1. From the list 243, 251, which residue is without any contact (Cβ under 8 Å) to a residue 12 or more places away in the chain and in the same structural domain as residue 190 (by TED's automatic domain parsing)?
2. From the list 260, 207, 223, pick out the single residue that is more than 21 Å from residue 183 (Cβ to Cβ), crowded, with 19+ Cβ neighbours inside 10 Å and in the same structural domain as residue 181 (by TED's automatic domain parsing).
3. Return the residues of segment 20-37 that are within 21 Å of residue 143 (Cβ to Cβ), modelled with pLDDT of 95 or more and either outside the structural domain of residue 115 (by TED's automatic domain parsing) or more than 20 Å from the chain's Cα centre (by Cα) (or both); say none if nothing qualifies.
4. Inside segment 251-269, can you point out the residues that are touching a helix residue (DSSP H, G or I) at 6+ places or on another chain (Cβ under 6 Å) and over 16 Å from residue 239 (Cα atoms)?
5. Just name the residue that is surrounded by the most Cβ atoms within 10 Å (Cβ to Cβ) out of those in segment 12-41 that are without any contact (Cβ under 8 Å) to a residue 40 or more places away in the chain and part of a helix (DSSP H, G or I).
6. When the residues of segment 87-126 are filtered to those that are outside any strand (DSSP E or B) and touching a strand residue (DSSP E or B) at 6+ places or on another chain (Cβ under 6 Å), which remaining residue is surrounded by the fewest Cβ atoms within 10 Å (Cβ to Cβ)?
């Protein structure tokens, strides 16, 4: 099981309970290569009846959410005609009645399910469903970022290893490394999870030659802007990529140029590379 994704599910369940007021939340990930998900995380439960429960796509409420790739809810689980009832015993042991299930969908593939539940039979309103969907979206965003980091690093590392090849291949390799670095830098400020953001920035460091050798220190945003410039972005394109105003990008670029002792964008990029700040 993906440990990082499990941590995201765990955090989302806590947020789901806080935002909805539901007393119980639980969930898990879809097993790789299989059409079922396994409940691994419990929050607010009184028993262990749901832990490790394997839910097949199409079966029960969570299986229905997996099959349809959309949120599903029932007002009284045990008597609902909207779902099949393979898991009634586990649900009844926990005393659950009203239940909702929200799929975590990443690039059109269901990666997990978040559940929220009441021990009374009453409709779960739109506000509750909206909050549960928001919690699932948080997980989706985190998984998308992790997937992008993994793909970028896998693409960059083999190219870095082949930099001793022909000049034309070497240029192409460095272009891919620099684009990967710029993409990772642009993603980092959008991540609210400090641990995930630190992990991503650490990955950025793997694509550079090493720590600065000249004693020059750039702020994170100055480095973000220079990374975009190094990858070929105009100021306007860098602003869009980083979620900044064009004038703000110009300001960071001017500041970086001053620290590096340069007068043009190109000189700044070259100086940053010599200092080991950019790949």
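The values are calculated or read from the model by the stated rules, or taken from the named source; none is laboratory data. Nothing here was measured: the structure is a model prediction, and the numbers come from that model. With ideal geometry, Cβ positions are generated from the backbone for all residues, glycine too; neighbour counts draw on all protein chains shown.
1. Just one listed residue meets the conditions, 251.
2. Numbers: 207 fails: more than 21 Å from residue 183 (Cβ to Cβ); 223 fails: more than 21 Å from residue 183 (Cβ to Cβ).
Being more than 21 Å from residue 183 (Cβ to Cβ), crowded, with 19+ Cβ neighbours inside 10 Å and in the same structural domain as residue 181 (by TED's automatic domain parsing) holds for just one of 260, 207, 223, which is 260.
3. 25
4. Passing the criteria: 257, 260, 262, 268, 269.
5. So the residue we want is 14.
6. Looking at the filtered set, the residue picked out is 124.
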